[in-house]
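Here is the structure we will look at.
The values are calculated or read from the model by the stated rules, or taken from the named source; none is laboratory data. Quick caveat: nothing in here was measured; it's all calculated off a predicted structure. Note that we place each Cβ from the backbone using ideal geometry, even for glycine, and neighbour counts take in every protein chain shown. To get the accessible areas, we keep the full protein, side chains included, count just its heavy atoms, and leave off ligands, DNA and RNA. Shrake-Rupley method; radii C 1.70, N 1.55, O 1.52, S 1.80 Å.
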Amino acid sequence: MAYFLTGGTGFIGRNFIDKLKQREGDIYVLTRKGSEAKFEALRDRFGAASERLVPVPGDLAKASLGLSAGLTGKLKGKIRHFFHFAAVYDIGASLESQQSANIGGTRNAVNLAAALNAGCFHHVSSIAAGGLYRGTFREDMFEEAENCEHPYFSTKHDAEAIVRSECRTPFRIYRPAMVVGDSTSGEIDKIDGVYYFFKSLQKIRNLLPPWFPLVGIEGGKFNIVPVDYVAAAMDHIAHLPNRDGDCFHLTDPEHHSMGQMMNIFATAGHAPRFSMRLDTRMFSFIPGVARDTLANLPPVKRVIRTMLEDMGLPESVTMFMNYPTRYDSRETERALKGSGIACPKLQDYAPVIWDYWERNLDPDLFVDHSLEGNVKGKTVLITGASSGIGKTVALRLAEAGAHVLLVARSADKLEETAREISELGGISTSYLADISIMEECDRLVADVLEAHGHLEILINNAGRSIRRSLEFSFDRFHDFERTMQVNYFGAIRLIMGFGPVMIKRRQGHIINISSISALTPSPRFSAYVASKSALDAWTRAAAVEWSDRNIRFTTINMPLVRTPMISATSVYEHMPVLTPDEAGDMVVDAIINKPKRIATHMGVYLQVMTALAPKFTEVVMNVVFRMFKDSAAARGEKQAEKVEASNEQVAIASLMKGVHF
């Protein structure tokens, strides 16, 4: 007795071959050109007696699966069981690919089975063959399938129809539910089906504590089975006598709504659970025509598509929001009676499934999180690159392989930075420019574009900070003008200069170094905060307009950093502030992960407190404001003074690390 398998190197196929180890006979595996390595891996997996595995060169898309007449004649009469696993199991695949594999491939397999005089043709179909049937779909039902418009449902249904109407060989049909990894090891080789939801659950877990109650959607019914159950059940049923012509649902007797399924895997992944789940039928009072019209509007479709992309979900997942079908599997249960084979409960093996995904298939595992992988060979412009944060970032980017364009006002300091980059083996180009002068911004843009053609990353780091109370600023309106020129107008002038090229190339990342002071009331820094807040607001508007142009914006609400800019305030010498290296880490994070905003926990806390209790925050910050004094220079005194911080001042600064005082 011999076996012939299509799709034997696939996920379900190779797990089924594991079961055939216990049986006798050679196993012929259709192997298309380019898949020889997969077959060798299958042979290694088989272990002892792997000579029983025989590769058969062929192609699913060709007549008789591409087997030559000579090979067909050699195998004729030897094949007792012909298993057809090969198919497209991805609901997001194109119509053409699914038609070619699922329909054309099945017809070619049926014809080859007849040519080989196979004893039985075992067709691995899917519960999708029933379409979106409303109610309970039994194993003896086929023509009753409805709502098969989706390519995955229609091609699975049509493929099964070919077996039922064209197969001259005795046949048995198996309809597995949504197949997940092995219930004991979790092993699986790709992400689809329920795995699409795992990334969203992981993000929620990383953001919220496990006890946090969530509101979700109840959704339609899911039926999930582990691959080891599918393989074991199919192996047992295939070798039973007198079952030709029958169809078997390899499903879990217990169905789970989307909300229940999400909670099962949320528990497995230690994520918050959906305590309240909304039944979408509550919106049934809205006429179907109105719902369909609204859902098909281009702006609505784009919003939905963007939300799904952010959650890592394909558009096709929306069909499961109201999946209406339950699957009866009593015929399968009768066939398995006494075998000891039964579908395990999802709650029992979900932790294993989650653990394998997180350790082996989490998409973040395959993302290059290195700085080198994100900047090597790219052109990056940094303003204020001669000292402090700018210099630190410039050195790190150059060391990682970026071509760094250094911009500053001081030629000597720029030359020093360029020299250090050269010693590191990096590449840099220096540009003298004062970005508070619009004409120099325009010249800088023109020179950069002429020399380099484009810019991948723009880091607006240069800035001016003035620490002075309002009562000492009545006659210093120019303080507000100067900070606005550098921190706001200069940064925008550069963005608007490089913007057209970025839009044309549909590629660009703009990083604006803002301040923690823009998140909370910051007395004594009104000029500075106003300019940074203006840049933040402008950036939010620009990000919306350029969202569909692949231009990314990141705002970094930087806390106080020990740089030359704060050296004039002697009290800061005793304060716990960030180092330039720590600030550089925040910029590197922005480059690698491209978030909308980066802020410290203290910054976020102060922003929330300002929103929830504005008067309380005002009073607290006023108390802090009175604890510190303006410097002699801020008071207009020419005599410099050395200020020693009190214990109370150091304590409050430690508690509110990075906040400007």
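Scanning region 473-500 for residues that are open to solvent by 40 Å² or more (accessible area, probe 1.4 Å) and assigned to a helix (DSSP H, G or I) gives Phe477, His478, Phe480, Glu481, Arg482, Met484, Gln485, Tyr488, Phe489, Arg493, Met496, Pro500. Within region 365-396, the set of residues being in contact (Cβ under 8 Å) with a residue 12 or more places away in the chain and closer than 19 Å to Gly186 by Cα is empty.
Going by the structure shown, is Tyr174 outside any helix (DSSP H, G or I) and in contact with a Leu (Cβ under 6 Å, 6 or more places away or on another chain)? When the stated conditions are applied, Tyr174 passes them.
Scanning region 336-358 for residues that are of a type in the set (Gly, Ala, Ser), within 29 Å of Glu144 (Cβ to Cβ) and open to solvent by less than 10 Å² (accessible area, probe 1.4 Å) yields a total of 0.
Residues of region 159-200 that are of a type outside the set (Ser, Thr, Tyr), in contact with a Phe, Trp or Tyr (Cβ under 6 Å, 6 or more places away or on another chain) and buried (at least 19 other Cβ atoms within 10 Å of the Cβ): Val163, Cys167, Phe171, Gly181, Gly186, Phe198. Is it true that some residue in region 225-235 is farther than 24 Å from Ile162 by Cα, open to solvent by less than 50 Å² (accessible area, probe 1.4 Å) and in contact with a Cys (Cβ under 7 Å, 6 or more places away or on another chain)? Checked region 225-235: at least one residue is farther than 24 Å from Ile162 by Cα, open to solvent by less than 50 Å² (accessible area, probe 1.4 Å) and in contact with a Cys (Cβ under 7 Å, 6 or more places away or on another chain).
Scan region 366-400 residue by residue and report those that are β-branched (Val, Ile, Thr) and under 25 Å from the mean Cα position of the chain (by Cα).
Once the filter is applied, which keeps residues that are β-branched (Val, Ile, Thr) and under 25 Å from the mean Cα position of the chain (by Cα), region 366-400 yields Val367, Val375.
Among the residues of region 236-258, the one identified as buried (at least 22 other Cβ atoms within 10 Å of the Cβ) and part of a helix (DSSP H, G or I) is Met258. Here the condition is being open to solvent by less than 10 Å² (accessible area, probe 1.4 Å), within 29 Å of Pro614 (Cα to Cα) and at pLDDT below 95; of Ser531, Ser522, Ser526, it holds for Ser531 alone. For Pro210, the conditions (1) assigned to a loop (DSSP other than H, G, I, E, B); (2) more than 25 Å from Phe83 (Cβ to Cβ); (3) open to solvent by less than 20 Å² (accessible area, probe 1.4 Å) are fulfilled apart from (3). If you go through region 129-152 and keep only what is open to solvent by less than 30 Å² (accessible area, probe 1.4 Å) and out of contact with any strand residue (DSSP E or B) (no Cβ under 8 Å at 6 or more places or on another chain), you end up with Met141, Tyr152.
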